[in-house]
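Only one structure is covered here, and it is reproduced in the block below.
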Amino acid sequence: MTQRPRTDDRFRILRRCYLGCWVLSGLWPPVVAVHDRIGVVKYGTWALMAVLAVSYLILLAFPSNPRVRSSDFLGLLVLVLGATAILLEGGAAFFIVSLPMFWLYTATPRQAIGYIGAGAVATLIGTVAGTRFSPGNAVFTLIGLVGGVLFGLWMDRVIKRGDERAHLLGIELERTQSELAAAHQRQGAAEERERLAREIHDTLAQGFASIIVLAEAARCGMATDPVTSAKQLLSIERTARENLTEARVLVGAAPSAGGATERIAQLLRRILDRCAEDTGLTVHAELADIECDQPTRIALLRCTQESLANVRKHAGASTATVVLTRGPFDVELEITDDGIGFTPHEARGFGLEGMRNRLTELGGELTVTSAPGEGTRIFASLPPNDRN
């Protein structure tokens, strides 16, 4: 079975245009040429054109039917070329117009050249066998033979090169897509590691640091101030339980914490009371009753926890002030202390950078103002996103 014609989208429009040209310049001219003749020439030519047209329509209508073979159509075309050359006393024009058919409906260049040669021989025999031999028809038939073979070979080479380039581009595209998918996967893994590190730092690490400080204080005061030590042990237990809850949240074994049903002012008030109780730090608070969504609430809560942890560990402060207000366009959280201060651009650590990244992800900003001996001011602003 001969291979079916190429159906690549790049050739469909070209093939349809050629089909129209073949009908108008190949099939129709012989029909018109014998219109005024009588007898065998007229009706024989019409019959040959009709049989050839019906055969081609069947080939187009049943491309997947194994009984409808393109080789049968091409063999019929060769016979019709020879017969019309006899009836019309020359068939060079019909042969030249039909040359692309032999390339479109064969599987290899060798097959195409074979059919072209057969068509040329049939046309030459018909021309010589006609009642009036025309040397010009014979010459044009030979020119068509040579030109059709050379042009067809060139086009086949161009198409093969195009297919090879398309194949190489397809391989390159697949490789690029694989690399891009791997890069996205690596980026996603890095972002997830950064998120987990930030959450661990803002929750578990702070809780463990608080436990260590409270445990040391309780151990030192066990003999001299057992009442205070007992309170510190209770605070250690409470902090440990909270850390356990946070750990379960991080591994997905518990629903997200963060006071989903509490307002941010209530959450911050509880954090500030715990800080004052555990550290002895004097904490002043002005907390407006603001509604905000869960991501905003958690971001403000984590910023407060981290800032107070820094005050306890690094600032050496005796007083801290926390102010939560709603500005014209955003929610504002300000945390100040009277500690030793520092130079912000020289600060190294995960805490401040983690706060800044958390706020940036939500469209907010973090401003740190400090200087040695002048205390520290942390200012966070976030879009309110009032969706409870």
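The values are calculated or read from the model by the stated rules, or taken from the named source; none is laboratory data. Bear in mind the structure is a predicted one, so any value in this text is a computation, not a measurement. Cβ atoms come from the backbone with ideal geometry, glycine included; neighbour counts cover every protein chain shown. Each accessible area value is taken on the protein alone, full model and side chains, heavy atoms only, with ligands, DNA and RNA left out. Shrake-Rupley method; radii C 1.70, N 1.55, O 1.52, S 1.80 Å.
Observations
- The set of residues in the range 226-243 being over 54 Å from the mean Cα position of the chain (by Cα) and not aliphatic (A, V, I, L, M) consists of Pro226, Thr228, Ser229, Lys231, Gln232.
- Pick from the range 25-74, criterion of a type in the set (Phe, Trp, Tyr) and more than 20 Å from Val97 (Cα to Cα), ranking: least open to solvent (accessible area, probe 1.4 Å): Phe62
- Here Gly117, Gly90, Gly144 are screened, and the one residue that is under 29 Å from Arg16 (Cα atoms), small (Gly, Ala, Ser) and touching a Lys or Arg at 6+ places or on another chain (Cβ under 9 Å) is Gly90.
- Counting only residues that are open to solvent by 30 Å² or more (accessible area, probe 1.4 Å) and touching a residue at least 12 places away in the same chain (Cβ under 8 Å), the range 310-346 holds 20 of them.
For every residue, the table says whether it meets (1) open to solvent by 30 Å² or more (accessible area, probe 1.4 Å); (2) more than 20 Å from Lys313 (Cα to Cα).
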position	(1), (2)
Gly162	no, yes
Thr176	yes, yes
Gly188	yes, yes
Glu192	yes, yes
Ala209	no, no
Ala218	no, no
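- A single member of Leu352, Leu300, Leu366, Leu333 is within 21 Å of Leu268 (Cα to Cα), aliphatic (A, V, I, L, M), assigned to a helix (DSSP H, G or I) and touching a helix residue (DSSP H, G or I) at 6+ places or on another chain (Cβ under 6 Å), and it is Leu300.
- Taken together, the residues in the range 259-275 that are surrounded by 15 or more Cβ atoms within 10 Å (Cβ to Cβ) and at pLDDT below 85 amount to 7.
- All of (1) open to solvent by 30 Å² or more (accessible area, probe 1.4 Å); (2) within 20 Å of Leu59 (Cβ to Cβ) hold for Val80 with one exception: (1).
- Flag if Thr360 is among the polar types (S, T, N, Q), outside any helix (DSSP H, G or I) and out of contact with any helix residue (DSSP H, G or I) (no Cβ under 8 Å at 6 or more places or on another chain): no
- Here Leu244 passes the criteria (1) modelled with pLDDT of 80 or more; (2) aliphatic (A, V, I, L, M); (3) assigned to a helix (DSSP H, G or I); (4) open to solvent by 10 Å² or more (accessible area, probe 1.4 Å) except the one numbered (1).
- Checking every residue in the range 125-138 against the condition of being modelled with pLDDT of 90 or more and closer than 18 Å to Gly75 by Cβ gives at least one match.
- Within the range 108-141, the set of residues being open to solvent by less than 40 Å² (accessible area, probe 1.4 Å) and not in a helix (DSSP H, G or I) comprises Gly130, Ser134.
- Test: residue in the range 68-90 that is in a loop (DSSP other than H, G, I, E, B), within 18 Å of Lys42 (Cα to Cα) and touching a Gly at 6+ places or on another chain (Cβ under 6 Å): yes
- Residue satisfying all of: in the range 286-309; open to solvent by 30 Å² or more (accessible area, probe 1.4 Å) and farther than 17 Å from Gly363 by Cβ; farthest from the chain's Cα centre (by Cα) among these: Glu286
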